[in-house]
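Working notes, structure below.
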Amino acid sequence: MSLTERTGLARFRQPEYTGENRCTPCTAVNVVIAAVLAVAASVVATPLVGFVVASVSLLAIYLRGYLVPGTPTLTKQYFPDWLLRKFDKTPTATLDTDLDVEAQLLAVGAVEPAGEDLRITDEFETAWRTEIDRVRVDLDRRVGDLLGLEDPSVDGGTSVCRVLDGEQVAARWPSTAALIADVAAVPLLRRRADNWDALDRIEQGHLLAGLRIFVENCPDCEAPLAFSEETVESCCRTRQVVTYDCTACDARVMEVEQ
C-alpha cells in the first residue's frame, strides 16, 4: 500500500493529470509558483509559514498534477512552442537530422528508386515480413534481447506501447505495431550495415522510423496502412502531424510533426 493510500490522501488524486499522464511543463510552472508563494510567505509572515505553504503546495501538485487551476491553458498561451516540444512525451519521429535516412536505406538495399520516389525492395520486404511474423509470436523475448533487459514485457497499445523491465519503463514506441516493425528490422539492417552498432540510439531510431514508412501492412494485425493528417491536442500544446496508421486496428506506425 502506498503512502497516499495509507494516509487517506488517495481520494484527492487526479489520475488524468498524474503518474504517466503528468504534464512536465505544467508541473514545472506550478513548482515555480509554489516556490514563489513559499518565499513570499516566509518574508511576509515567518519561515515556518513559508515551509507550510511549500509543503501544502507540493503535495497538491503531487496529488492533483497542478496547483493553479487553468495551468494547461496558461502554459499553452505563454510557453513558446519550441520549449513545449522539449517536454513532449508522445513518441514521435522527426527526420530533421544530419543522418541522411534515405541515403542510408538506399545504401543497405532496403529501398530503391521508383521514379521520383523510393520503394522498398522486394528482397528486403520479403525478409522483413518473415522476421515480423517471427517477432510477433515471441515479442517479449526479442525486445528483451534487443534492449538487454533482464525481465522484459510489453504493455501494448495502438497509440503508445511501453516496454517494461520488471516494473520499470525501459522504452516507449508509438504502438505495438511500430515496436514489432523495428525489432524485426534491426537484424536485417545489422547484417546489411557493418556500422549499425556504431550508430547511437537516436540515429538508429531515425533509420527505423524512416523504414516504417515503407511497410504496407500493419505488423500487428496485417491490415493495410494509410497516411493522414491530423491535429494532435495534448495537455498544453497543439500540433499538426502526418500519421501512418492501421486502417483496421488504428495502430500508429509513424507520426511526423509538420
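The values are calculated or read from the model by the stated rules, or taken from the named source; none is laboratory data. Because the structure is a prediction, the values reported are computed rather than measured. All Cβ positions, even for glycine, are placed from backbone atoms using ideal geometry, and neighbour counts span all protein chains on display.
Worth pointing out:
- In this structure, GLU255 does not satisfy being more than 15 Å from VAL101 (Cβ to Cβ), surrounded by fewer than 16 Cβ atoms within 10 Å (Cβ to Cβ), in contact with a strand residue (DSSP E or B) (Cβ under 6 Å, 6 or more places away or on another chain) and not hydroxyl-bearing (Ser, Thr, Tyr).
- The residues on offer are ASP194, ASP245, and the sole one that is surrounded by 20 or more Cβ atoms within 10 Å (Cβ to Cβ), without any contact (Cβ under 8 Å) to a residue 40 or more places away in the chain and at negative phi is ASP245.
- Whichever residue in segment 179-203 is small (Gly, Ala, Ser) and at pLDDT below 95 and, among such residues, is farthest from THR121 (Cα to Cα): ALA198
- Residue count for segment 167-191, restricted to those that are under 12 Å from LEU105 (Cβ atoms) and buried (at least 21 other Cβ atoms within 10 Å of the Cβ): 2
- Positions within segment 25-47 being over 12 Å from ILE61 (Cβ atoms) and either surrounded by fewer than 19 Cβ atoms within 10 Å (Cβ to Cβ) or of a type in the set (Ser, Thr, Tyr) (or both), in sequence order: VAL36, VAL39, ALA40, SER42, VAL43, VAL44, ALA45, THR46, PRO47
- Residue match in segment 237-249 (condition: among the acidic types (Asp, Glu), over 30 Å from TYR66 (Cα atoms) and outside the structural domain of PRO152 (by TED's automatic domain parsing)): yes
- If you check ILE213, ILE180 for being of a type in the set (Val, Ile, Thr), within 19 Å of the chain's Cα centre (by Cα) and under 18 Å from ASP140 (Cβ atoms), only one passes: ILE180.
- The listed residue being closer than 18 Å to GLU222 by Cβ, without any contact (Cβ under 8 Å) to a residue 24 or more places away in the chain and of a type in the set (A, V, I, L, M, F, W, C), out of VAL163, VAL137: VAL137
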